[in-house]
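Undergrad: Take this structure, written in structure tokens, and hold onto it; I'll ask about it next.
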Amino acid sequence: MAKYGQNADAIAALVREAEVHRDVYVDPEIFELEMEHLFPNSWIYVGHASQLGKPGDFITANIGRQPVLASRHTDGSIHVFYNRCPHKGVKIASEPCGNTGKFFRCPYHAWSFKTDGSLLAIPLKKGYEGTGFGDTQANEGLSKVRNVVIYRDFIFARLSDDGVSFEDYFGESLSTIDNMVDRSPEGKLAVQATPIRYMHTCNWKMLVENQTDTCHPMVAHESSAGTAVKVWKREQGSSTETPMAVQLYGPFMSPYEFYEQSGIRIWPNGHGHTGVANSIHSNYSDIEGYLGQMVAAYGEERAHEILGEVRHNTVYFPNIMVKGAVQILRNFIPIAVDKTLVESWVYRLVGAPDKLYERALMYNRFINAPTSIVGHDDLEMYERAQEGLKSNGNHWVNLRRLYESHEEQDVTAVINGTSERQMRNQFHAWAKFMTMDMDKRAEAAE
Amino acid sequence: MIDEKAITDFIYLEAELLDTMQWQAWLDLFHPEGRYWMPLEWQQQDPVLQPSLMYEDLLLLKVRVERLAGERTFSQKPKSRCHHLLQAPRIVACDPAAGVYKARTSYIYTETRGDLLERYSGWASHEFVEVGDALKIKLKRVDLVNFDAPFGNIQLFM
Ligand code: FES
Ligand SMILES: [Fe+2]
């Protein structure tokens, strides 16, 4: 039963000031519309330039449900294409990454394309003579994603031709990516390994919301982080040094007051982060030699400024989260209304001591892996919500914590760290990017 | 004196302890410096500077075991159970003089919870040390055939 298609008003009505209708999580039609409108209208993370080190390197990704392909051309430029052959639609690349050499060659009928996407050759080309082939879209080669921005090696794309510019879309929120990159003494990050992948049987937005949900760790993670703290207290004996593992788990059990004062910052277009004043990443022990490298690279003052910024989770709307302090990016890839693939990437700080990379990898497997006890705690909550929301007893999800009437939208603000305002901020952006092209399309179809 | 049969018996006993959820007895099979490792890459060499699904010492394994029984461990309500189907272990090394004992065991592992059941295939590689007259696990390495696939929760031990 189609209720929402081309009905911007019905979609907008799902988002109230401080409540959202459960259909945003459970209705397959809403999910289809997200794939058709929200994801194409938004700037989506495709990958990192370090994955495309040399000409011919490529990576594949999905934007919403549409497969794309990014490649490094012979002249060093990076291009993003729709990953489908202009002939009969076969995916040009099916692996997550690789090197294609000088050109892409479709495995079906051997059409070939340069690494900038242009058509190189077609076998038995004379069969197209006088057919009008030159006037078709196929003649142009791989269809290009026109709106691509590479910001400090982070590759973002927007599929819609029209929409909000990259600069306007992200604005000041890019400061989290800046901080992560600046943490390398060389100002450079490198992807050196595949991500940890974890399948979630829940709607993708539950994961995104949870990134700034600071009232759940001490409750939902009592079982994992709480047990880690308890076991360490019992087993530590005379040891004075807290192991890296316990340093990573422990802060999850911080009390409400800690999160309250650490603060949340929101930005326009649905972005925001926890951990403004300090965060669960603030008290990790120093790693030998690192501060010296940073001071040598940036000077005393700037080095301390960079390392003093320990933001917790930054949500880049709609579907990634960045942790600058531990160099992790989580990509919440929507598969179905109740299915989300989470890929958690670690970036290596180029030029920094190995220990930092070791810690980032450890954090990633502790928190973001299918074998992670913290992950088990969270997924259990998402799954229960996905089930519970089928209930007709109440159609609304409550996001009212620290709500003030007539909150301004699309503003930058720093607020109490236990507020649910970032979730409200996301849903305001959700309604905006879902519906911004709807009226226009309705007219075009007439 | 440790012989090949002692190694094989150990591996069967370990599987039985896991299948019968005798977690503490399972932990007791580990040497104090023992590790449980689930790599994330094909023929992975380095557990520290390459990503793994798990690389845990006894302290972390104790946390897991204690968590399984926790009052507020909601991902264990209902509880998970597991089943190990092992191929006969292949003895890689059994050298009492050098104190080197290694085996590799192909397996199918099943983990179930509520109405769900998931199945995994892989190889377990054991490295033992001799303590007194007994073997203790120095390293248990678990390589899944599809280590790079996106799994749902894996809450118990392979
Ligand atoms: S489908 Fe690609 S060449 Fe025919
Ligand atoms: Fe959590």
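The values are calculated or read from the model by the stated rules, or taken from the named source; none is laboratory data. Every value quoted in this text rests on a predicted model; they were computed, and no experiment measured them. No Cβ is skipped: glycine too gets one built from the backbone with ideal geometry, and neighbour counts run over all protein chains shown. The protein model used for the area step is the full one, side chains on, heavy atoms only, and it has no ligands, DNA or RNA in it. Shrake-Rupley method; radii C 1.70, N 1.55, O 1.52, S 1.80 Å.
Undergrad: Looking at the structure I just gave you, is residue A:417 surrounded by fewer than 19 Cβ atoms within 10 Å (Cβ to Cβ), among the small types (Gly, Ala, Ser) and at pLDDT 95 or above?
TA: So residue A:417 does not fit the description; no.
Undergrad: Right, something else. Could you please find all residues in the stretch A:226-252 being within 20 Å of residue A:364 (Cβ to Cβ) and not β-branched (Val, Ile, Thr)?
TA: A:228, A:243, A:244, A:245, A:247, A:248, A:249, A:250, A:251, A:252
Undergrad: Listed residues B:72, B:67; which is part of a loop (DSSP other than H, G, I, E, B) and either small (Gly, Ala, Ser) or farther than 26 Å from residue B:129 by Cα (or both)?
TA: Exactly one residue qualifies, and that residue is B:72.
Undergrad: Got a sec? Which of B:119, B:64, B:113 is on the phi < 0 side of the Ramachandran plot, modelled with pLDDT of 95 or more and more than 14 Å from chain A (Cβ to nearest Cβ)?
TA: Of the residues listed, the single one that is on the phi < 0 side of the Ramachandran plot, modelled with pLDDT of 95 or more and more than 14 Å from chain A (Cβ to nearest Cβ) is B:119.
Undergrad: Tally up the residues in the stretch B:67-101 that are within 14 Å of chain A (Cβ to nearest Cβ) and β-branched (Val, Ile, Thr), please. Spell out the reasoning first.
TA: Narrowing the stretch B:67-101 to residues within 14 Å of chain A (Cβ to nearest Cβ): B:67-80, B:82.
Adding the requirement that they be β-branched (Val, Ile, Thr) leaves B:73.
So the count comes out to 1.
Undergrad: Let me confirm something: among A:23, A:75, which residue is touching a helix residue (DSSP H, G or I) at 6+ places or on another chain (Cβ under 7 Å) and not assigned by TED's automatic domain parsing to the domain that holds residue A:348?
TA: Details: A:75 fails: touching a helix residue (DSSP H, G or I) at 6+ places or on another chain (Cβ under 7 Å).
Exactly one residue qualifies, and that residue is A:23.
Undergrad: Quick one: in the stretch A:93-120, of everything that is open to solvent by less than 20 Å² (accessible area, probe 1.4 Å) and of a type outside the set (Gly, Ala, Ser), which residue is farthest from ligand 2 (Cβ to nearest atom)?
TA: As a first pass, look at the stretch A:93-120 and keep what is open to solvent by less than 20 Å² (accessible area, probe 1.4 Å): A:93, A:104, A:106, A:111-113, A:115, A:117.
This time we only want the ones that are of a type outside the set (Gly, Ala, Ser), so: A:104, A:106, A:111, A:113, A:115.
Details: A:104: 41, A:106: 43, A:111: 47, A:113: 43, A:115: 41 Å.
Looking at residues that are open to solvent by less than 20 Å² (accessible area, probe 1.4 Å) and of a type outside the set (Gly, Ala, Ser), I get A:111.
Undergrad: Out of A:94, A:77, A:112, which single residue is in contact with an Asp or Glu (Cβ under 8 Å, 6 or more places away or on another chain) and of a type in the set (S, T, N, Q)?
TA: When all the criteria are applied, what remains is A:77.
Undergrad: Under 8 Å by Cβ, and 6 or more places apart or on different chains, what pairs join a residue from the stretch A:393-417 that is under 22 Å from residue A:313 (Cα atoms) with one that is open to solvent by 60 Å² or more (accessible area, probe 1.4 Å)?
TA: Listed by first residue and then by second, the contacts come to A:403/A:17; A:412/A:172; A:415/A:402; A:416/A:260; A:416/A:402; A:417/A:260; A:417/A:261.
Undergrad: Determine, yes or no, whether residue B:82 is over 14 Å from residue B:125 (Cβ atoms), more than 17 Å from the chain's Cα centre (by Cα) and in a strand (DSSP E or B).
TA: Details: over 14 Å from residue B:125 (Cβ atoms): yes; more than 17 Å from the chain's Cα centre (by Cα): no; in a strand (DSSP E or B): yes.
Here the answer is no, as residue B:82 does not meet what is asked.
Undergrad: Taking the conditions exactly as written (touching a helix residue (DSSP H, G or I) at 6+ places or on another chain (Cβ under 8 Å), open to solvent by 50 Å² or more (accessible area, probe 1.4 Å) and closer than 19 Å to residue A:183 by Cα), does residue A:277 satisfy them or not?
TA: Yes.
Undergrad: If you check B:146, B:153, which single one turns out to be open to solvent by 40 Å² or more (accessible area, probe 1.4 Å), on the phi < 0 side of the Ramachandran plot and within 11 Å of another protein chain (Cβ to nearest Cβ)?
TA: Only one candidate qualifies: B:146.
Undergrad: Can you confirm whether residue A:148 is under 19 Å from the mean Cα position of the chain (by Cα), more than 14 Å from every other protein chain (Cβ to nearest Cβ) and assigned to a helix (DSSP H, G or I)? Walk me through how you get there before you give the answer.
TA: Working: under 19 Å from the mean Cα position of the chain (by Cα): yes; more than 14 Å from every other protein chain (Cβ to nearest Cβ): yes; assigned to a helix (DSSP H, G or I): no.
Criteria not met by residue A:148.
Undergrad: In the stretch B:3-25, how many residues are more than 14 Å from chain A (Cβ to nearest Cβ) and farther than 18 Å from residue B:112 by Cβ?
TA: Of the residues in that region, 13 qualify.
Undergrad: Okay, next question. Do we have residue A:140 as over 19 Å from residue A:76 (Cα atoms), without any contact (Cβ under 8 Å) to a residue 40 or more places away in the chain and away from ligand 1 (no atom under 14 Å from the Cβ) here?
TA: Here the answer is no, as residue A:140 does not meet what is asked.
Undergrad: Could you please let me know if residue A:397 is among the hydrophobic types (A, V, I, L, M, F, W, C), closer than 18 Å to residue A:195 by Cα and crowded, with 16+ Cβ neighbours inside 10 Å?
TA: In short, no.
Undergrad: Is there any pair with a first residue in the stretch A:248-268 that is closer than 30 Å to residue A:169 by Cα and away from chain B (no Cβ under 14 Å) and a second that is within 16 Å of ligand 2 (Cβ to nearest atom) and among the small types (Gly, Ala, Ser) whose Cβ atoms are under 6 Å apart and which are 6 or more apart or on different chains, and what are they?
TA: A:259/A:417; A:260/A:417; A:262/A:275; A:262/A:279; A:262/A:417; A:263/A:417; A:264/A:417
Undergrad: Please tell me if residue A:129 is more than 16 Å from residue A:159 (Cα to Cα), within 14 Å of chain B (Cβ to nearest Cβ) and more than 15 Å from ligand 1 (Cβ to nearest atom).
TA: Considered against the rule, which asks whether it is more than 16 Å from residue A:159 (Cα to Cα), within 14 Å of chain B (Cβ to nearest Cβ) and more than 15 Å from ligand 1 (Cβ to nearest atom), residue A:129 comes out as no.
Undergrad: While we're looking at this one, here's another question. Among the residues of the stretch A:264-271, is there at least one that is part of a strand (DSSP E or B) and aliphatic (A, V, I, L, M)? Write out each step before concluding.
TA: In the first step, residues of the stretch A:264-271 are kept if they are part of a strand (DSSP E or B); the result is A:264-266.
Adding the requirement that they be aliphatic (A, V, I, L, M) leaves A:264, A:266.
The answer is yes, given that some residue of the stretch A:264-271 is part of a strand (DSSP E or B) and aliphatic (A, V, I, L, M).
Undergrad: In addition: Six or more apart or on different chains, Cβ under 9 Å: which pairs go from a residue in the stretch A:61-90 that's within 16 Å of ligand 1 (Cβ to nearest atom) to one that's among the small types (Gly, Ala, Ser) and in a strand (DSSP E or B)? Could you list them?
TA: Pairs found: A:67/A:61; A:69/A:61; A:81/A:70; A:81/A:71; A:83/A:61.
Undergrad: Scan (1) away from chain B (no Cβ under 14 Å); (2) within 26 Å of residue A:156 (Cβ to Cβ); (3) within 20 Å of the chain's Cα centre (by Cα) for the single condition residue A:420 breaks and write down its number.
TA: Checking residue A:420 against (1) away from chain B (no Cβ under 14 Å); (2) within 26 Å of residue A:156 (Cβ to Cβ); (3) within 20 Å of the chain's Cα centre (by Cα), the one that fails is (2).
Undergrad: Is it the case that the stretch A:214-230 has a residue that's crowded, with 17+ Cβ neighbours inside 10 Å, away from chain B (no Cβ under 14 Å) and more than 16 Å from ligand 1 (Cβ to nearest atom)?
TA: Yes; the residues of the stretch A:214-230 include at least one that is crowded, with 17+ Cβ neighbours inside 10 Å, away from chain B (no Cβ under 14 Å) and more than 16 Å from ligand 1 (Cβ to nearest atom).
Undergrad: Something else now. Taking helices (runs of 4 or more DSSP H) that fall entirely within the stretch A:181-240, which contain at least 2 residues that are touching a helix residue (DSSP H, G or I) at 6+ places or on another chain (Cβ under 8 Å) and over 23 Å from residue A:339 (Cβ atoms)?
TA: Qualifying helices (runs of 4 or more DSSP H): A:217-220, A:227-235.
Undergrad: Pairs under 7 Å by beta carbon, first residue assigned to a loop (DSSP other than H, G, I, E, B) in the stretch A:331-350, partner surrounded by fewer than 22 Cβ atoms within 10 Å (Cβ to Cβ) and at pLDDT 95 or above, six or more apart or different chains?
TA: A:337/A:26; A:337/A:27; A:337/A:28; A:338/A:201; A:338/A:386; A:350/A:186; A:350/A:188; A:350/A:190
Undergrad: Which ones in the stretch A:326-367 are touching a Ser or Thr at 6+ places or on another chain (Cβ under 9 Å), more than 10 Å from chain B (Cβ to nearest Cβ) and under 18 Å from residue B:36 (Cα atoms)?
TA: Scanning the stretch A:326-367 gives a single hit, A:367.
Undergrad: Within the set of pairs 6 or more residues apart or between chains, which connect a residue that is farther than 16 Å from residue B:81 by Cα inside the stretch B:9-32 to a residue that is open to solvent by 50 Å² or more (accessible area, probe 1.4 Å) with Cβ atoms less than 6 Å apart?
TA: B:31/B:136; B:31/B:138
Undergrad: Applying the selection to the stretch A:326-345, what residues are open to solvent by less than 10 Å² (accessible area, probe 1.4 Å) and hydrophobic (A, V, I, L, M, F, W, C)?
TA: A:326, A:328, A:329, A:332, A:342
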